[in-house]
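I have a structure here, written as structure tokens, and I will follow up with some questions on it.
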Amino acid sequence: LHYPLRRQRQMCIRDSHYTHEKNPVTAKAALTTIEIIEKENLVENAEVLGKYMLDQLNSLKNKHISIGDVRGLGLLIGVELVLNRKQKTAAEDLAEDVLYRCLGKGLSFKITMGNVLTLSPPLIITREQIDLSLQILDQCIAEAEKAAGL
């Protein structure tokens with residue numbers, strides 16, 4: 001469930017009697033985190049940069065035959081790798097190859113369901129960092145596709 005930040009703060013304050021009794025530092029840390037998220041407009045940043053990232057990844061989809069689909073919400077994005085777009089055959093070995101190539105170039109992410117590159121950058125990421133990350137991803141997908149004969 002997604003609650004507006006004000007509602008999350010109210011819930012945190014309401015429920016902090018338990019954490020406050022056990023650990024007031026935890027309650028303060030939670031409230032401070034919410035305040036920083038609000039003050040630095042991190043939710044809005046995630047929405048704007050997430051849309052930008054999805055647009056850029058959809059451009060890569062047009063370039064790479066192995067990208068079957070791109071989906072996301074905010075800065076949580078999945079890039080599905082397939083062997084065949086029509087049949088949607090999962091490209092698990094290709095996804096693993098892309099992951100290790102990216103790790104070698106300093107880009108880290110997880111693989112979900114065997115063939116979905118799960119990108120979840122920090123909320124403070126910049127557009128320049130996204131561009132660099134997508135350049136690395138683009139290069140590594142190209143290398144992996146070539147190695148796989150796609």
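Could you list, in sequence order, the residues of the range 140-149 that are open to solvent by 90 Å² or more (accessible area, probe 1.4 Å) and either within 14 Å of Leu99 (Cα to Cα) or in contact (Cβ under 8 Å) with a residue 40 or more places away in the chain (or both)?
Once the filter is applied, which keeps residues that are open to solvent by 90 Å² or more (accessible area, probe 1.4 Å) and either within 14 Å of Leu99 (Cα to Cα) or in contact (Cβ under 8 Å) with a residue 40 or more places away in the chain (or both), the range 140-149 yields nothing.
From Leu117, Leu94, Leu107, grab the single residue that is over 14 Å from Val82 (Cβ atoms) and either out of contact with any helix residue (DSSP H, G or I) (no Cβ under 7 Å at 6 or more places or on another chain) or not acidic (Asp, Glu) (or both).
Leu107
Restricting the search to the range 86-127, which residues are open to solvent by 30 Å² or more (accessible area, probe 1.4 Å) and in a helix (DSSP H, G or I)?
If the condition is that a residue be open to solvent by 30 Å² or more (accessible area, probe 1.4 Å) and in a helix (DSSP H, G or I), then Glu92, Asp93, Glu96, Asp97, Tyr100, Arg101, Leu103, Gly104, Arg127 are the ones that fit.
Just a yes or no: is a residue in the range 60-80 under 19 Å from Arg127 (Cβ atoms), in a helix (DSSP H, G or I) and modelled with pLDDT of 95 or more?
yes
Return only the number of the condition from (1) open to solvent by 70 Å² or more (accessible area, probe 1.4 Å); (2) in contact (Cβ under 8 Å) with a residue 40 or more places away in the chain; (3) under 13 Å from the mean Cα position of the chain (by Cα) that Arg71 does not satisfy.
Arg71 satisfies every listed condition except (2).
Of Ser59, Ser66, which residue is of a type in the set (Ser, Thr, Tyr) and either touching a Pro at 6+ places or on another chain (Cβ under 7 Å) or open to solvent by 60 Å² or more (accessible area, probe 1.4 Å) (or both)? It would help to see each step written out before you state the result.
Numbers: Ser66 fails: either touching a Pro at 6+ places or on another chain (Cβ under 7 Å) or open to solvent by 60 Å² or more (accessible area, probe 1.4 Å) (or both).
Among Ser59, Ser66, only Ser59 is of a type in the set (Ser, Thr, Tyr) and either touching a Pro at 6+ places or on another chain (Cβ under 7 Å) or open to solvent by 60 Å² or more (accessible area, probe 1.4 Å) (or both).
A follow-up question, please. Which of the residues spanning the range 125-150 are of a type in the set (A, V, I, L, M) and touching a helix residue (DSSP H, G or I) at 6+ places or on another chain (Cβ under 7 Å)?
Ile125, Ile130, Leu134, Ile136, Leu137, Ile141, Ala144, Ala147, Ala148
The values are calculated or read from the model by the stated rules, or taken from the named source; none is laboratory data. Quick caveat: nothing in here was measured; it's all calculated off a predicted structure. Cβ sites come from the backbone with ideal geometry, for glycine too, and all protein chains shown count toward neighbours. Surface accessibility is based on the protein's heavy atoms, side chains included, excluding ligands, DNA and RNA. Shrake-Rupley method; radii C 1.70, N 1.55, O 1.52, S 1.80 Å.
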